[in-house]
Amino acid sequence: MSQENTINDWEKNPHNPKCDSQVIESTTLKECNNKCNLPMGRPGPLIGKIPVVLADVEVQIDLEAEIRLEETAFDIKTIDKHVCLTQCKLIPQTNKLFIGGYVQKNIQFSSVNCTNKTSISGEMKHTTVNIPFKCVTKIQLSHNPVYGKDYKTKLNVLDKNMQCKDTREDSWIYYNKPYEPVYCELEDANILETDILNKQNSLSNITSEERTFRELVEKMVIFLRIKVLQNQQIFIPEPMGNVEIVECLSEDSYMDSSYGKGRKCIDIEVGFDPKQGMIGREVTTYDFNKE
């Protein structure tokens, strides 16, 4: 009997429900070509405003949580989890970092619908919980943040006799310089945990010593690696060493006059190739300050 006849006979059986699922469409994709370019840029010296790492810290958080499932469970199949930071704040003029967030846990478990002497039947269920945490930790700053200033100063003038303050006239100086915010990035999270099943109950109509539960206690040790950053102006010096020119301009590039009276110049952009080391290419720039 062929496989097609077997499937047809199975579908004609009234005790077998018909499945509505099917493969709608399947396509095998061909691989397309690409060209990878090395990132290159101005060699300097120049000033750039970039994120500066103020601290790179690993924080340990010890957490214990009691969880109640939606239904009575027979056993836990798997637990998926991830960490989300909702607060990471460095208090200005201190080295105290306030951290807050939660561990989201998706607990998949098997429920119990019926039992007999030899079997237990049920459905797969899940419960998703957010377990909050917060703490404050003292960090060591490898680079100091740049803070702003805000002040108000009153200036006084002398009276016409040049002896006393003139109370009829006041002058003020207001100054406000905001600063770039200090922010955090979560580099990685490592969770070590132990799950303790709580308030177990025996099953009826079964000879084995299987038990059900609805509550569990989770003890977790969480390691968070956090980078504390702030955008700051940084001086980028000229690169040291020889640069191998791998791309030169054509003669047509020298003759281009589409930029009007701007004088065309030749500059060099540099990059790094793991095989060749420092590399460079000629690029066209325009100086509009000179005829």
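The values are calculated or read from the model by the stated rules, or taken from the named source; none is laboratory data. Please read all numbers here as calculations on a predicted model, not as lab measurements. In this analysis, Cβ positions are derived from the backbone assuming ideal geometry, glycine residues included, and neighbour counts consider all displayed protein chains.
Given the conditions (1) touching a strand residue (DSSP E or B) at 6+ places or on another chain (Cβ under 8 Å); (2) free of Cβ contacts under 8 Å to residues at least 12 places away in the same chain, and given that Asn156 satisfies all but one, which numbered condition is not satisfied?
Every listed condition holds for Asn156 apart from (2).
Of all residues in the stretch 162-204 being part of a strand (DSSP E or B), aliphatic (A, V, I, L, M) and at pLDDT 85 or above, which is farthest from Tyr151 (Cα to Cα)?
So in the stretch 162-204, the residues part of a strand (DSSP E or B) come out as 165-177, 183-198, 201-202.
Filter once more, so that each one left must be aliphatic (A, V, I, L, M): 173, 186, 189, 191-192, 196-197.
Still in the list and also at pLDDT 85 or above: 173, 186, 189, 191-192, 196.
Values: Ile173: 8, Leu186: 35, Ala189: 42, Ile191: 46, Leu192: 49, Ile196: 57 Å.
This residue is Ile196.
Condition first: at pLDDT 60 or above and not in a loop (DSSP other than H, G, I, E, B). Now tell me which residues in the stretch 7-32 satisfy that.
The answer is none; no residue qualifies.
Cβ contacts < 7 Å: first residue within 22 Å of Phe213 (Cβ to Cβ) and in contact (Cβ under 8 Å) with a residue 12 or more places away in the chain, restricted to the stretch 112-139; second residue assigned to a strand (DSSP E or B) and among the small types (Gly, Ala, Ser), any location; separation 6+ or different chain. Result?
Correct list of pairs: Gly122/Ser110; Gly122/Ser111; Glu123/Ser111; Met124/Ser110; Lys125/Ser111; Ile131/Ala65.
Quick one: Thr153 ticks every box in (1) among the β-branched types (Val, Ile, Thr); (2) farther than 28 Å from Val228 by Cα; (3) assigned by TED's automatic domain parsing to the domain that holds Ala189; (4) modelled with pLDDT of 85 or more bar one, so which box is it?
Result: Thr153 fails condition (3) only.
Taking the conditions exactly as written (at pLDDT below 85, outside the structural domain of Ile91 (by TED's automatic domain parsing) and among the β-branched types (Val, Ile, Thr)), does Thr207 satisfy them or not?
Values: at pLDDT below 85: yes; outside the structural domain of Ile91 (by TED's automatic domain parsing): no; among the β-branched types (Val, Ile, Thr): yes.
In short, no.
What residue, of Asn176, Asn130, Asn161, Asn144, is more than 30 Å from Leu229 (Cα to Cα) and of a type outside the set (A, V, I, L, M, F, W, C)? Can you show your working first?
Working: Asn176 fails: more than 30 Å from Leu229 (Cα to Cα); Asn130 fails: more than 30 Å from Leu229 (Cα to Cα); Asn144 fails: more than 30 Å from Leu229 (Cα to Cα).
Answer to the check: Asn161.
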